[in-house]
Amino acid sequence: MRSIVICAALLAAAGTARADAIGPGQRGLGYHFEVTNLAEHPDYAFILYPTSNSGFGYVMEEGLSLDRLMMGQRLGGPTHLVAMTRDALRRHDPTAPRHPHADDGRPVLVVREPPASAPVAEAVIHPPGLVAQDDPRWQITRRFRIARVTETALVLELVEEVTQMRDGTSRVRTGAGAERTIPAPDGWQDPVAAPRPFGALLRRPQVRQLTEAAPAQVAAPEPEAPAAAPPAAPRRASSGCGACAAAPSDRRGLGALALLLFVPLSRRGRSRRRA
């Protein structure tokens with residue numbers, strides 16, 4: 001019996017997931033975060049931290065989406081934007097690796113937890129999390145610009161927040177407080193109420209640039225989950241994201257350990273019964 005309990009505990013630990021569970025009557029919102037003027041500050045690195053990769057942050061790059069790595073209030077976050085000079089970052093983590101953790105699988109620089117002295121933007125950038133099934137919103141895009149950055153201060157300004165509704169309309173609010181509504185495209189169907197093929201359930205929501213033209217219909221939103229990635233570099237075995245901790249290779253290793261424990265304990269039990 002003890003051997004069975006040990007094996008069950010090891011296998012349960014191997015399959016542990018960090019993502020929030022969706023409760024009855026809840027669903028996720030599509031979410032996208034952008035900083036529009038990163039290129040104007042080449043001497044600084046802007047780091048998302050904390051992330052689903054516990055203890056590590058990700059350096060933002062022009063045109064690179066890291067939405068899946070961001071955390072809301074319920075996941076031990078929320079994610080903030082932190083600034084460091086490039087020189088300070090190299091001193092802080094001189095051998096920081098690049099892993100394919102971006103939303104589209106491209107490599108991104110993974111760094112150790114930023115020092116407490118690094119400036120943190122006060123702006124709310126983290127995902128909204130789960131909402132009620134009947135919530136009228138479908139997806140949210142927040143675009144910011146860096147208004148000021150020094151070695152001791154980081155200020156973000158909201159450029160615009162675009163909320164696409166389930167009825168297909170898009171409500172745009174600028175940082176100056178102006179609001180406008182983009183009408184729904186012809187033939188739009190409520191993506192929550194409309195039947196979806198099984199494949200659509202597995203796809204991440206696509207948050208697109210909204211202009212005066214009617215927005216295109218997108219896939220249904222799913223809850224945020226850590227980005228999958230290959231095993232981390234040998235120098236830092238823990239630098240993989242939360243999903244890496246339960247990657248198949250790790251599960252096989254734990255399964256082998258459970259088998260090694262099970263066999264001698266089982267033989268010991270048979271020996272006692274024979275005695």
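Nothing in this text is a laboratory measurement; each read-out follows from the coordinates by a stated rule. Note that this is a predicted model, so its numbers are computed, not measured. Note: ideal-geometry Cβ built from the backbone for every residue, glycine included; neighbour counts use all protein chains shown.
Summarising the amide proton neighbourhood of residue 120: residues at separation of 5 or more, or on other chains, whose placed amide H is nearer than 5 Å comprise 154. Using a Förster distance of 30 Å, how high is the FRET efficiency between residue 91 and residue 173, based on the Cβ-Cβ distance and rounded to 0.05? The computed FRET efficiency comes out at 0.15.
Taking amide hydrogens as placed 1.01 Å from N in the peptide plane, the amide H of residue 147 sits under 5 Å from those of 155, 156, 157, each at least 5 positions away in sequence or on another chain.
Going by C-beta contacts inside 10 Å, put 160, 40 in order with the fewest on the left.
Numbers: 160 19, 40 10.
Ascending number of Cβ neighbours within 10 Å: 40, 160.
Give the long-range amide H neighbours of residue 45: residues separated by 5 or more places, or on another chain, with amide H under 5 Å away, using H modelled in the peptide plane at 1.01 Å from N. Counting only residues 5 or more places away or on other chains, the set is 84, 85, 86.
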